[in-house]
Amino acid sequence: MTTARIPDSDYVYVGFVRSLFNAPAILLIGGVIHALISLTIFSASGDTVYVLLAAALLFAGVYRFHGIREGQRAIDRIVDLASAKEWENRYLIGGTLQAFLLGLLCFTTLYIAPVPFGELASITVVLGSTVSIVGRNYGSRQMVAVQAIAVVVPIGAGLMLKNDVYYFMLGLCLAPYIYVLIKMAQQVRLVLFNALNEERKSWQIAQRFDRALNTMGHGLVMLGSDGRVVVANQEAAKVVGFPGADKMLGRTLRSLFARAVAAGLMTRKDMNFLSSQIVNRFGQMHDRKLMVPLSDGRYFEITTREGTNDLGVLTFEEITQRVKAEERIRYMARYDSLTGLPNRAYFHETVAEMVAAGDRDRLCGIAILDLDDFKSVNDTLGHAVGDGLIAAIANFLGDFTTADIVVGRVGGDEFTLFVNSIEHPDELGEIMDRVFRELRGEMDIAGHAINVMLSGGAVLSKASDFDVETMLVNADLALYSAKDAGKNQWRLFESVMDHAFRNRQLMKADLRSAIESRALRAVFQPIIDMGTMRIASCEALCRWDHPELGPISPAIFIPLAEEMGIVGDISDFILEAACAECATWAEHVGVSVNMSAKDFQNGEIVKKVEAALARHRLSPGRLEIEVTETALLDDKKASIRYIEGLKAIGVRVALDDFGTGYSSLSYLHSLPLDKVKIDRSFLADIAQDQRSLDLVRGVVDISRALGLKVTVEGVETFDQLRILHRLVKPDLVQGFLFGSPLSASGIATMSNTTWPFASQLDGEVNYSRA
């Protein structure tokens, strides 16, 4: 028989040796029986040798009994090859002694002191004991061989020495019996080896399974066909409040959840819900994924699988971080990060749900609030202060929030307020008045006293007619009306506002179409040299002739273009038209082009101007770019860079409408300008008020001292012109006194004309002081 290859010989050998130390009581009983039989033979024969043999056999039995007991106590120390060999040797001593004495008993009864009864008794004892040679000692090859020889050889020798051929033949026949015993033990040992090997494999698999099971990040429970736990890991034990996984074995699923309830981790309602969802009324598991919140703030996802062979599987995965992350994402998607108020989308969703839930005949109200001149706070004090102001306003408005009132932030400096149920129409007005009354005034933001002003628009509607988006549009229209009326107030929406809004939207569409189809036109207002009273330059202006409404004032369509973000397209059109027409005029006539704040924030302005000059072959010295104070506020360093870039290519730069913005004289000193254009508002009372004259004259004197030329705008009467000529002496003047803006051909015709009233400018000037 071929022996299977042993993968771990030490482990198997140790297992064989450990198997020797079992059932010591049998050896003691055997020793006593051996002694009694020897004494019985003594009684039958009267030979004292059997008394000695009885004593020796009893001693051998007791000695082996104590040896086996000692081995049992040391069984946990038999763990390696060395310790196993030591204990096998101890075992060999006792086994050899007992086997030798049994063989000696048989030899004595057969040859030394023969007695018929003794022969039968001794051989019977040996035959009974030979069963234990294989059954008890198969774990030790040496022990089997020694005992087989020690027992069989004396019997065979005793039979062969009887001088009887038949006994001799019987003695010889016993010799193969030794081989049979050894082979039987070997066969039993092979069976044990295979069992030990499989046990080893099973143990290794169990160890790997246990390691994998208890190093999982998730809890795991497996249920048998009877619905009781057959496998569980430590993580699962922690989830349901058990001290160890072994304490869960044999329990039902419901009892596990009941333990969690007892530990205060779960409510009874959750227990009943989980039990009903995981196992049906027939005791069968469902495939499910359930999220369970525990009372300690953790969240778990329980996944159940209907396993094979009636084995169901549950896993417990902690998803606390995932739930919190999802909550954060959901919060970020719904609420404004600066104020914590609902954003536009969530405000819209919340309002729609509230409107749909209540009485369809009730009145609902919605309002939009917008901070006036908020941009100036950011520009002058910084965005951190601006954010602080927004947060303070939001904190104040948040106090209005109730079960029936929702406040949101829909963008920049705009807030919304929704009232779900209004008893009478005046109630919304009372709420708006309270908001405006309590918000007006100064707020201390980071040490800055900021005067808060806001405008608002509100709208009322029955819930059955309430569409959130439409109501917000209407509230926006009311807001625009409040701003147009002077800001720092609120307006209730009226249908006429909607009509005006629709007209405004149509005009926007028509304006865009006019720009794209180049339906705009350029006209030119003369700028007169005070010394010669002839045209020195002209300002290019844009005009729009609407096909249905006729001429549209620039005061209407320029703000529309700024609102639409297409004012730059108008600037480009005027720049191209001005350069093209100026190139056809007399050499001494130049042209001025206005650039908006948006144009001047564009880093391409210098290249754009240079390209227009090159296209129309216009000398750069004949072009002047006019820019307002507000266009220079956003980024003074960039403004200086662009102005210097324009001057580098030979283009002149003028500060337009001086006095209408922040009127800071520092601009005249710090910016590399060529000219200052004084706004028409300075001339309003110049013929009646000495102070107005002094102011204009002071600005002219300062500008001239800084090397700047001066143009005075808005000259509409001869008296104004004469005062300027006699007492102020600006370089240039401009206004309707010299006629309305002309076409390009008109400028060409008038370019060499001297105005006829030039000779009348030397009259006396009289003042009637206001």
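Can you tell me which residue among Leu389, Leu363 is touching an Asp or Glu at 6+ places or on another chain (Cβ under 9 Å), surrounded by 17 or more Cβ atoms within 10 Å (Cβ to Cβ) and closer than 29 Å to Asp426 by Cα? Leu363 is the lone residue from the list that is touching an Asp or Glu at 6+ places or on another chain (Cβ under 9 Å), surrounded by 17 or more Cβ atoms within 10 Å (Cβ to Cβ) and closer than 29 Å to Asp426 by Cα. On inspection, Ile528 qualifies as under 22 Å from Leu721 (Cα atoms) and of a type in the set (Val, Ile, Thr). In the condition set (1) surrounded by 13 or more Cβ atoms within 10 Å (Cβ to Cβ); (2) assigned to a helix (DSSP H, G or I), Ala333 is compliant with all but (1).
Looking at segment 403-419, can you tell me whether even one residue there is surrounded by fewer than 15 Cβ atoms within 10 Å (Cβ to Cβ) and more than 15 Å from Asp336 (Cβ to Cβ)?
yes
When restricted to residues that are without any contact (Cβ under 8 Å) to a residue 40 or more places away in the chain and in a strand (DSSP E or B), segment 544-557 contains 5. Scanning segment 158-175 for residues that are part of a helix (DSSP H, G or I), open to solvent by less than 80 Å² (accessible area, probe 1.4 Å) and within 13 Å of Glu119 (Cα to Cα) yields Gly158, Leu159. Could you check segment 558-593 and list, in sequence order, the residues that are open to solvent by 50 Å² or more (accessible area, probe 1.4 Å) and either assigned to a strand (DSSP E or B) or touching a Phe, Trp or Tyr at 6+ places or on another chain (Cβ under 9 Å) (or both)? Listed by number, the list holds a single entry, Glu581.
Considering segment 727-753, the residues that are touching a helix residue (DSSP H, G or I) at 6+ places or on another chain (Cβ under 8 Å) and surrounded by fewer than 16 Cβ atoms within 10 Å (Cβ to Cβ) include one that is farthest from Leu693 (Cα to Cα), namely Lys729. Determine if segment 523-539 includes at least one residue that is over 16 Å from Val653 (Cα atoms) and under 45 Å from the mean Cα position of the chain (by Cα). No - not one qualifying residue is present in segment 523-539. For beta carbons closer than 7 Å, sequence separation of 6+ or different chains, a first residue in segment 474-485 that is on the phi > 0 side of the Ramachandran plot and a second that is assigned to a helix (DSSP H, G or I) and not polar (S, T, N, Q), there are no qualifying pairs.
When you look at Phe600, is it over 30 Å from Arg726 (Cβ atoms) and open to solvent by 20 Å² or more (accessible area, probe 1.4 Å), yes or no? No; evaluated as a whole, the condition is false for this residue.
In summary, strands (runs of 3 or more DSSP E) completely within segment 448-542 and bearing 2 or more residues that are under 30 Å from Val407 (Cβ atoms) and either of a type in the set (D, E, K, R) or open to solvent by 60 Å² or more (accessible area, probe 1.4 Å) (or both) occur at 448-452, 490-492.
Across segment 700-725, the qualifying residues are those that are of a type outside the set (S, T, N, Q) and assigned to a loop (DSSP other than H, G, I, E, B), and the one among them that is farthest from Gly739 (Cα to Cα) is Leu706. For residues in segment 351-409 being out of contact with any helix residue (DSSP H, G or I) (no Cβ under 6 Å at 6 or more places or on another chain) and of a type in the set (S, T, N, Q), which is farthest from Ala475 (Cα to Cα)? Out of the qualifying residues, it is Thr380.
Going by the structure shown, is Thr350 without any contact (Cβ under 8 Å) to a residue 24 or more places away in the chain, surrounded by 13 or more Cβ atoms within 10 Å (Cβ to Cβ), in contact with a Phe, Trp or Tyr (Cβ under 9 Å, 6 or more places away or on another chain) and β-branched (Val, Ile, Thr)? Considered against the rule, which asks whether it is without any contact (Cβ under 8 Å) to a residue 24 or more places away in the chain, surrounded by 13 or more Cβ atoms within 10 Å (Cβ to Cβ), in contact with a Phe, Trp or Tyr (Cβ under 9 Å, 6 or more places away or on another chain) and β-branched (Val, Ile, Thr), Thr350 comes out as no.
Within segment 324-332, does at least one residue satisfy the condition of being on the phi < 0 side of the Ramachandran plot, without any contact (Cβ under 8 Å) to a residue 24 or more places away in the chain and of a type in the set (Val, Ile, Thr)?
Taking every residue of segment 324-332 in turn, at least one turns out to be on the phi < 0 side of the Ramachandran plot, without any contact (Cβ under 8 Å) to a residue 24 or more places away in the chain and of a type in the set (Val, Ile, Thr).
One residue stands out in segment 709-726 among those that are open to solvent by 10 Å² or more (accessible area, probe 1.4 Å) and in contact with an Asp or Glu (Cβ under 9 Å, 6 or more places away or on another chain): the one that is farthest from Leu761 (Cα to Cα), namely Lys709. The residues of segment 220-255 that are open to solvent by less than 40 Å² (accessible area, probe 1.4 Å), out of contact with any Leu (no Cβ under 9 Å at 6 or more places or on another chain) and either polar (S, T, N, Q) or part of a helix (DSSP H, G or I) (or both), listed by number, are Ala237, Ser255.
Taking the condition at pLDDT 85 or above and open to solvent by 50 Å² or more (accessible area, probe 1.4 Å), does Arg691 pass? For Arg691, the condition - at pLDDT 85 or above and open to solvent by 50 Å² or more (accessible area, probe 1.4 Å) - is not met.
Residues of segment 375-386 being β-branched (Val, Ile, Thr) and crowded, with 16+ Cβ neighbours inside 10 Å, which ones?
Once the filter is applied, which keeps residues that are β-branched (Val, Ile, Thr) and crowded, with 16+ Cβ neighbours inside 10 Å, segment 375-386 yields Val377, Val385.
Leu671 meets the conditions (1) surrounded by fewer than 14 Cβ atoms within 10 Å (Cβ to Cβ); (2) at pLDDT below 85; (3) within 50 Å of the chain's Cα centre (by Cα); (4) on the phi < 0 side of the Ramachandran plot in every case but one. The failed one is (1). Annotation: of all residues in segment 261-276 being in contact with a strand residue (DSSP E or B) (Cβ under 9 Å, 6 or more places away or on another chain) and under 20 Å from Leu223 (Cα atoms), the one that is most open to solvent (accessible area, probe 1.4 Å) is Phe273. Filtered by the rule that a residue be β-branched (Val, Ile, Thr) and at pLDDT 85 or above, segment 471-508 gives a lone residue, Val473. For segment 585-595, the criterion of being charged (D, E, K, R) and within 28 Å of Arg534 (Cα to Cα) is satisfied by at least one residue. Could you tell me which numbered condition Arg18 fails, if it satisfies all but one of (1) among the basic types (Lys, Arg); (2) exposed (fewer than 14 other Cβ atoms within 10 Å of the Cβ); (3) under 16 Å from Met143 (Cα atoms)? Against the list (1) among the basic types (Lys, Arg); (2) exposed (fewer than 14 other Cβ atoms within 10 Å of the Cβ); (3) under 16 Å from Met143 (Cα atoms), Arg18 comes up short only on (2).
The values are calculated or read from the model by the stated rules, or taken from the named source; none is laboratory data. Just so we're clear, the structure is a prediction, and the values are computed from it rather than from any experiment. Note that each Cβ is placed from the backbone with ideal geometry, even for glycine, and that neighbours are counted across all protein chains shown. The accessibility values were calculated without ligands, DNA or RNA, using every heavy atom of the protein model including side chains. Shrake-Rupley method; radii C 1.70, N 1.55, O 1.52, S 1.80 Å.
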